[in-house]
Amino acid sequence: MESAGLSRTDHPLLGATTTLAHSGETVLTGRLSPTQHGWLADHAVNGTPLLPGTALVDMALHAGDHTNHTTLDELIIHTPITLTHPTTIQLTTTPTHDNNTLNLTIHTRTTPEQPWTAHATGTLTRANTTPPSPQTTWPPPTPNPST
């Protein structure tokens with residue numbers, strides 16, 4: 001894996017990651033398979049196994065941990081991920097004009113010949129590390145009820 005320029009991750013569903021040189025995008029990728037991860041087949045709707053939304057949240061938070069943008073502000077699921085065949089998944093984080101924010105996209109496909117399907121989009125931000133400023137007067141002034 002390292003010989004291909006990829007780094008391992010410690011996530012059970014996302015096995016590798018890389019950062020793209022030209023854009024600063026980070027890509028985390030893995031393979032979803034109900035035969036390899038038996039619990040994936042447990043979540044089904046009308047007999048069709050679907051990746052639970054909580055798994056998408058977990059993977060998005062892992063991407064946030066990996067990129068030091070640890071707050072998941074938003075995750076919109078556009079299309080459920082069906083797991084009738086082994087499926088390649090990619091999470092991509094894209095820097096915005098604001099260094100505090102990354103856009104997140106989640107795509108899958110079942111074969112290399114197939115186009116990628118977009119499943120979810122979201123936003124990750126850096127946690128606010130600035131401590132609150134101390135109160136300079138105590139007790140705080142009482143608000144004027146007439147305003």
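The values are calculated or read from the model by the stated rules, or taken from the named source; none is laboratory data. This is a predicted model, so every value here is computed, not measured. Here the Cβ positions follow ideal geometry from the backbone for every residue, glycine too, while neighbour counts run over all protein chains shown.
Considered as a group, the residues in the stretch 16-62 that are within 18 Å of H107 (Cβ to Cβ) and charged (D, E, K, R) include one that is modelled with the highest pLDDT, and that residue is D58.
Screening H11 against (1) part of a loop (DSSP other than H, G, I, E, B); (2) surrounded by fewer than 13 Cβ atoms within 10 Å (Cβ to Cβ) leaves a single unmet condition, (2).
The number of residues in the stretch 58-79 that are assigned to a loop (DSSP other than H, G, I, E, B) and crowded, with 19+ Cβ neighbours inside 10 Å comes to 1.
Within the stretch 42-57, restricting attention to residues that are surrounded by 14 or more Cβ atoms within 10 Å (Cβ to Cβ) and touching a residue at least 24 places away in the same chain (Cβ under 8 Å), the residue that is farthest from T125 (Cα to Cα) is P49.
Tell me the residue from T88, T82 that is within 22 Å of T9 (Cβ to Cβ), surrounded by 15 or more Cβ atoms within 10 Å (Cβ to Cβ) and of a type in the set (S, T, Y), please.
Working: T82 fails: within 22 Å of T9 (Cβ to Cβ).
Selected residue: T88, the only one of T88, T82 that is within 22 Å of T9 (Cβ to Cβ), surrounded by 15 or more Cβ atoms within 10 Å (Cβ to Cβ) and of a type in the set (S, T, Y).
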